[in-house]
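The structure appears right after this line, and notes come after that.
The values are calculated or read from the model by the stated rules, or taken from the named source; none is laboratory data. These numbers come from a predicted model, not from an experiment. So basically every Cβ, Gly included, is an ideal-geometry build from the backbone, and we count neighbours across all protein chains shown.
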Amino acid sequence: MAFLDEHLSELDEEQEEIIWVSKSEIKRDAEALKKFGAKLVALTAANLERIPLDEKLADAITLAQRSQRGALRRQLQYIGKLLRNTDIEPLQEALDKLENKHNQQQAMFHRLEQLRDQLLETDNNNVLSQLIAQYPALDIQHLRNLIRAAQKERATQKPPKFYREIFQYLKSLETAD
């Protein structure tokens, strides 16, 4: 009887170590990996090179990028399956860095658009002095000519050619730094 009690207590200890995962949780995890795989498939080839993928996964993603409809769905399933056996933390970190770079670029564009709109206001001397301090390579005369031309465009309701040129000029100054 003592042997049976020892054996039962060992079984209880083994069962305590086993973590039970519900079928729904497994499905949710598989779906999350499939969505992550779809994000990877949506990346450009240049961005994919920045993510540390093993050869098999990289080939599967390349094939998925060329696939359509049902084949794409099956390929995404396969990518999800490959991701289950892969440590996705480094992949997620690399993807986050890429997405953050995009977000930073969008924020810069919004800031430059606001700056351009402030320059087109009638009293823009304060904004101009800030630009001069921030960008030593700024061609003040060129910028003032663009501002005057953009204001004239607005007054005559012409297409915003110079309005766009101001943005491009500010963008070139930002990227030159």
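The table that follows gives values for the structure above.
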{"read-out": "Test result for residue 134, more than 30 Å from residue 48 (Cα to Cα) and not assigned by TED's automatic domain parsing to the domain that holds residue 26", "value": "yes"}
{"read-out": "Residue match in region 109-128 (condition: surrounded by 15 or more Cβ atoms within 10 Å (Cβ to Cβ) and over 30 Å from residue 149 (Cβ atoms))", "value": "no"}
{"read-out": "Among the candidates 69, 74, residue that is on the phi > 0 side of the Ramachandran plot and in the same structural domain as residue 42 (by TED's automatic domain parsing)", "value": "69"}
{"read-out": "Residue match in region 98-109 (condition: out of contact with any strand residue (DSSP E or B) (no Cβ under 8 Å at 6 or more places or on another chain) and more than 22 Å from residue 42 (Cβ to Cβ))", "value": "yes"}
{"read-out": "Scan of region 135-156 for residues that are assigned to a loop (DSSP other than H, G, I, E, B) and either at pLDDT 85 or above or of a type in the set (Lys, Arg) (or both), ordered by number", "value": "139"}
{"read-out": "So residue 46, is it closer than 28 Å to residue 168 by Cα, free of Cβ contacts under 8 Å to residues at least 60 places away in the same chain and either surrounded by fewer than 13 Cβ atoms within 10 Å (Cβ to Cβ) or of a type in the set (S, T, N, Q) (or both)", "value": "yes"}
{"read-out": "Residue in region 68-82 that is out of contact with any Cys (no Cβ under 6 Å at 6 or more places or on another chain), among the small types (Gly, Ala, Ser), at pLDDT below 85 and surrounded by fewer than 11 Cβ atoms within 10 Å (Cβ to Cβ) present", "value": "no"}
{"read-out": "Residue within region 122-134 that is more than 34 Å from the chain's Cα centre (by Cα) and modelled with pLDDT of 85 or more present", "value": "no"}
{"read-out": "Residue in region 163-177 that is part of a loop (DSSP other than H, G, I, E, B) and under 18 Å from residue 111 (Cβ atoms) present", "value": "yes"}
{"read-out": "Subset of region 145-177 that is surrounded by 12 or more Cβ atoms within 10 Å (Cβ to Cβ) and among the acidic types (Asp, Glu) - its residue that is farthest from the chain's Cα centre (by Cα)", "value": "153"}
{"read-out": "Residues within region 69-113 that are among the aromatic types (Phe, Trp, Tyr) and either in contact (Cβ under 8 Å) with a residue 40 or more places away in the chain or within 30 Å of residue 170 (Cβ to Cβ) (or both), tallied", "value": "1"}
